[in-house]
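Working notes for the structure below.
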Amino acid sequence: MAQRAQDHVDGPRLTASLAALARFGGREDGGVSRQTLTEIDLAARRHLVAQARALGCEVRIDDCANLFFRRPGREDLPPVLTGSHADTQPVGGKYDGAYGVLAGLEVIAALNAAGIETLRPIEVVSWTNEEGSRFGPGTMGSSAFAEPARLATYRESVDQAGIRFGDALDAALAASDDVTRVPMARPMAACVELHIEQGPVLEAAAVPLGVVTGIQAVRWFRVECAGTMAHAGTTPMAVRRDAMAVAVAIAQDLYALAPRAAAGSGDAGQPGAAELRLTLGQWTVAPNSVNTIPGKVTFTVDMRCLDDAMLDRAEAALRLACTRHAPATDVVVTRFFHRGPTYFPEAMLASVQRACERASEVAGRGAPVRLTSGAFHDAMYVADLCPTAMIFVPSKGGISHNAAEDTDAADLVLGARALAYTVAELACRQP
Ligand code: HGY
Ligand code: MN
Ligand code: MN
């Protein structure tokens, strides 16, 4: 039965649905800009709801506007969950997140075409705000689903235009009042998320499928440096209180740390998996004028590593750097995202491995490899609730969070075939 599900995945249908969703926020450079809970995201959600209903799915939504597309099973048991997220980076690609949601809907289309009735229901989820680029932190929808008490804090997150996440969320829920509301933290039997790798490992190994063993740890910080606005021409250097000078000095300390820490070796299969990866991606300068000394500079720090102790050391180094370059009152460090490493259970890895091996074998492609995810995913929080695993397909040039993000259509279809096999097998397994 799992093989029949796999064999009924329809490549052209999946390719067409990917192209259709990519038009919501499509950019001239081929990328996609569809940040969470924007009008474009709400339009994309309506498109997904219509697509799911056309497949016979029940559509439900929870208090964090996570959308669930449900295919009933023979018995009303905890469902098998798949899916991902439909929001993107400000300059994102067609596949980051969207691929997992649409491949999940393709699995339902394949089960319908094969006339397969599963024991358990299957639910395809589209999580809210996985990216965290508009409202921090990332994975808000899945982490609130796993622990609903988190939502109250998330509602107070503010974007760069001063909009509260709670207000954008209430508007999204009001726009979905035709959809049944369901509680968060509902029991799930298992979860499999399909995603592009967004890195170079599978392409370097020249294989189309990856069995993801886990996800590296991540921490996000906001560093606010205070200064005194003053005239760029009349103010002597010796008397300035320049917020940018402090921010740059802190940043230089951090960048000096990264290479030393990056010398870490990887885990068994993946060189560099234990290196410290540091990104200072978002900067705000006030008043942001060419001839006024900055009065306030705020920047974010994204730290990743498989070794959480490395992140402990990097966080200590950040906090030390903030005390070295200015009086304590002038620099405020706030940690607003903190997730340790996630490891998926071997039994789930074995299920995914079987599915990937069969899909690759039928297609005459190389056998799957195992790898750690450098990117975080909603699966890291779902793993707190139920047995969870991920499947990767390659990213061309290892590029993502970039308009040039791309994956061969044949690999996208193969990933969906592996997903169909795994989901069907899990949904027919006796309790
Ligand atoms: O940042 C991440 O790892 C994810 O792609 N949002
Ligand atoms: Mn993603
Ligand atoms: Mn992403």
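Annotations for the structure displayed:
- Residue pairs whose Cβ atoms lie under 8 Å apart, sitting 6 or more positions apart in sequence or on different chains, and linking a residue in the range 52-81 that is under 19 Å from E117 (Cβ atoms) to a partner that is of a type in the set (F, W, Y), are A52/F69; L55/F69; C57/F69; E58/F69.
- Residues of the range 386-412 satisfying the condition of being open to solvent by 20 Å² or more (accessible area, probe 1.4 Å) and among the aliphatic types (A, V, I, L, M): I399, A404, A409, A410
Okay, residues lined up against (1) of a type in the set (D, E, K, R); (2) in contact (Cβ under 8 Å) with a residue 12 or more places away in the chain; (3) more than 16 Å from ligand 2 (Cβ to nearest atom):
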{"site": "F344", "(1), (2), (3)": "no, yes, yes"}
{"site": "D378", "(1), (2), (3)": "yes, yes, no"}
{"site": "P394", "(1), (2), (3)": "no, yes, no"}
{"site": "G397", "(1), (2), (3)": "no, yes, yes"}
{"site": "S400", "(1), (2), (3)": "no, yes, no"}
{"site": "T407", "(1), (2), (3)": "no, yes, no"}
{"site": "A427", "(1), (2), (3)": "no, yes, yes"}
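- Scan of the range 125-141 for residues that are touching a Gly at 6+ places or on another chain (Cβ under 9 Å) and either open to solvent by less than 30 Å² (accessible area, probe 1.4 Å) or within 24 Å of V80 (Cβ to Cβ) (or both), ordered by number: V125, S126, W127, T128, N129, E130, E131, G132, G138, T139, M140
- Qualifying residue in the range 177-185 (condition: farther than 27 Å from K94 by Cβ and surrounded by 16 or more Cβ atoms within 10 Å (Cβ to Cβ)): yes
- In summary, A144 fulfils each of the numbered conditions (1) away from ligand 1 (no atom under 12 Å from the Cβ); (2) open to solvent by 20 Å² or more (accessible area, probe 1.4 Å) with the single exception of condition (2).
- The sole residue among A427, A420 that is open to solvent by less than 20 Å² (accessible area, probe 1.4 Å), modelled with pLDDT of 95 or more, more than 16 Å from ligand 1 (Cβ to nearest atom) and farther than 21 Å from T213 by Cα is A427.
- Some residue of the range 93-100 being out of contact with any His (no Cβ under 6 Å at 6 or more places or on another chain), in contact (Cβ under 8 Å) with a residue 40 or more places away in the chain, closer than 16 Å to V423 by Cα and more than 16 Å from ligand 1 (Cβ to nearest atom): no
- Here G104, G83, G138, G132 are screened, and the one residue that is in contact with a strand residue (DSSP E or B) (Cβ under 6 Å, 6 or more places away or on another chain) and within 16 Å of ligand 1 (Cβ to nearest atom) is G83.
- Residue count for the range 107-129, restricted to those that are at positive phi and more than 12 Å from ligand 1 (Cβ to nearest atom): 1.
- All of G93, G11, G30, G26 fail the test of being open to solvent by 40 Å² or more (accessible area, probe 1.4 Å) and more than 16 Å from A168 (Cβ to Cβ), apart from G26.
The values are calculated or read from the model by the stated rules, or taken from the named source; none is laboratory data. Predicted, not measured: the structure shown is a model, and the values here were computed from it. Quick reminder, even Gly has a Cβ in these numbers, built from the backbone with ideal geometry, and neighbours come from all protein chains shown. Side chains are part of the model used for accessible areas, which takes the heavy atoms of the whole protein and leaves out ligands, DNA and RNA. Shrake-Rupley method; radii C 1.70, N 1.55, O 1.52, S 1.80 Å.
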